[in-house]
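The values are calculated or read from the model by the stated rules, or taken from the named source; none is laboratory data. Just so you know, these numbers come straight off a predicted model, no measurement behind them. With ideal geometry, Cβ positions are generated from the backbone for all residues, glycine too; neighbour counts draw on all protein chains shown.
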Amino acid sequence: MQEVERLPLAVTAGDPAGIGLEITIKAWGDRASNDIPPFALFADVREVAARARALGGQAQVKRIASLSEAVGLFDRAIPVIDVAQAIPATAGQPDPRNGAAVIAAIESATTAVLAGDALALVTNPIAKSVLYAAGFNHPGHTEFLAALAARARPNEPHTPVMMLACDELRVVPLTIHVAIAKVPGLITRTLILDTAHIVHRALIQDFAIANPRIAIAGLNPHAGEAGAIGNEDRAIIAPAIAELAADGLRVSGPHSADTLFHSQARSRYDAVLAMYHDQALIPIKTLAFDHGVNMTLGLPFVRTSPDHGTAFDIAGKGTARPYSLIEAMKLARAAAIRRSKATGS
């Protein structure tokens, strides 16, 4: 294994009919002005070359046999670990026949990171519905990564937690893609404790915050107003916060979410644990719609991705903006190096 700081990132293309290849090529084109870390792209090399030509032909594309070639080549060409597709992609028209290649790219890139041949994993967006038609049997991208980690390291815990991060805010939704009506029943003491401990550890290891502060949002308006507007904050969330504090974590709350995200409030914590999807994502997408990063905590490697989807509606038009992917690459490198130093690995 190379010295950690000299390892490339492993970047997956995502669905080839989406904007993943376009924004990756644009990110490589901005490598000097934006200090993009070296990466290897796991994709069909012919598809990458075709997309580069469609964008004006400024990017050179080079197939590599080993990740060890990526860093030395990066200034001159996009290094590509070839993962062959079944058919050429048509921008904006996802095809399940290419699903196997999308899955194989994710698996190969993850294996490279787990083997220590790549520094961290950066994933471009996939379309789960397309992959389901190709036989994908995981609830989503993150669950697949957790399964790959468990297969490689069966004796370690693997509990993925989603963090959305930008310079102004880090926020973690306790529950994610579930109906609002189901949220109260999913909020448990155990889930709050486990998630908060994972966030606490990540803030130390991946963000180099020695004594992190975590603000925990309430579920109900005004955090329940002492039970007047729902009892979950008083009966479940507050006791969990007290238990976390007794464990030595710097936690506060439950806070009324409507006053938790303005600039003065943000100066008093390092991350927020929110109760549900929109409570977490509305503030960060308001602050950083173009440059927020999705980061998966709780895995034995660093994984980031842009905070947007495949954008099939604009794929192939040359208008996709690479800023979120660029930030994801920068955060992946910085977090992986910090984690290596913190853990001595």
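Please go through (1) buried (at least 16 other Cβ atoms within 10 Å of the Cβ); (2) β-branched (V, I, T); (3) over 22 Å from H262 (Cα atoms); (4) out of contact with any Pro (no Cβ under 6 Å at 6 or more places or on another chain) for T159 and return the number of the only condition it doesn't satisfy.
Every condition holds for T159 apart from (1).
For residues that are charged (D, E, K, R) and surrounded by fewer than 15 Cβ atoms within 10 Å (Cβ to Cβ), scanning just segment 68-114, find the one that is nearest to A13 (Cα to Cα).
Filtering segment 68-114 down to residues charged (D, E, K, R) leaves 69, 75-76, 82, 95, 97, 107.
Narrowing the set further to residues that are surrounded by fewer than 15 Cβ atoms within 10 Å (Cβ to Cβ) leaves 75-76, 97.
Details: D75: 19, R76: 20, R97: 16 Å.
It comes out as R97.
Residues checked against (1) at pLDDT below 95; (2) out of contact with any Asp or Glu (no Cβ under 8 Å at 6 or more places or on another chain); (3) surrounded by fewer than 23 Cβ atoms within 10 Å (Cβ to Cβ):
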{"position": "F261", "(1), (2), (3)": "no, yes, no"}
{"position": "A265", "(1), (2), (3)": "no, yes, yes"}
{"position": "M275", "(1), (2), (3)": "no, yes, no"}
{"position": "A280", "(1), (2), (3)": "no, yes, no"}
{"position": "P283", "(1), (2), (3)": "no, yes, yes"}
{"position": "F289", "(1), (2), (3)": "yes, yes, yes"}
{"position": "T296", "(1), (2), (3)": "no, yes, yes"}
{"position": "A332", "(1), (2), (3)": "no, yes, no"}
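Taking interchain pairs and intrachain pairs at least six residues apart, which have beta carbon atoms under 9 angstrom, with the first residue in segment 308-324 and among the basic types (K, R) and the second surrounded by fewer than 19 Cβ atoms within 10 Å (Cβ to Cβ) and at pLDDT 95 or above?
K317/G92
Of everything in segment 1-38 that's assigned to a helix (DSSP H, G or I) and of a type in the set (A, V, I, L, M), which residue is surrounded by the most Cβ atoms within 10 Å (Cβ to Cβ)?
Narrowing segment 1-38 to residues assigned to a helix (DSSP H, G or I): 4-6, 20-29.
Keeping just the survivors that are of a type in the set (A, V, I, L, M) gives 4, 21, 23, 25, 27.
Details: V4: 14, L21: 30, I23: 24, I25: 23, A27: 24.
The residue in question is L21.
Pick from L145, L119: which is in a helix (DSSP H, G or I) and either hydrophobic (A, V, I, L, M, F, W, C) or touching a residue at least 24 places away in the same chain (Cβ under 8 Å) (or both)?
Numbers: L119 fails: in a helix (DSSP H, G or I).
On inspection, the qualifying residue turns out to be L145.
Among the residues of segment 188-207, is any in a helix (DSSP H, G or I), modelled with pLDDT of 95 or more, loosely packed, with under 15 Cβ neighbours inside 10 Å and of a type in the set (A, V, I, L, M, F, W, C)?
Yes: segment 188-207 contains one or more residues that are in a helix (DSSP H, G or I), modelled with pLDDT of 95 or more, loosely packed, with under 15 Cβ neighbours inside 10 Å and of a type in the set (A, V, I, L, M, F, W, C).
Which one is farthest from A149 (Cα to Cα), of the residues in segment 282-303 that are in contact with a Cys (Cβ under 8 Å, 6 or more places away or on another chain) and not in a loop (DSSP other than H, G, I, E, B)? Steps first, answer last, please.
Looking only at segment 282-303, we keep the residues that are in contact with a Cys (Cβ under 8 Å, 6 or more places away or on another chain), and these are 284, 287-288, 291-293.
Subset that is not in a loop (DSSP other than H, G, I, E, B): 284, 287, 293.
On the way: I284: 28, L287: 32, V293: 21 Å.
Only one residue fits best here, namely L287.
Filter segment 304-330 down to the residues that are in a loop (DSSP other than H, G, I, E, B), hydrophobic (A, V, I, L, M, F, W, C) and either out of contact with any strand residue (DSSP E or B) (no Cβ under 8 Å at 6 or more places or on another chain) or buried (at least 19 other Cβ atoms within 10 Å of the Cβ) (or both) and list them by number. Write out each step before concluding.
Initially, segment 304-330 is screened for residues in a loop (DSSP other than H, G, I, E, B), giving 307-322.
Filter again for hydrophobic (A, V, I, L, M, F, W, C), leaving 311-312, 314-315, 320.
Matches in segment 304-330: A311, I314, A315, A320.
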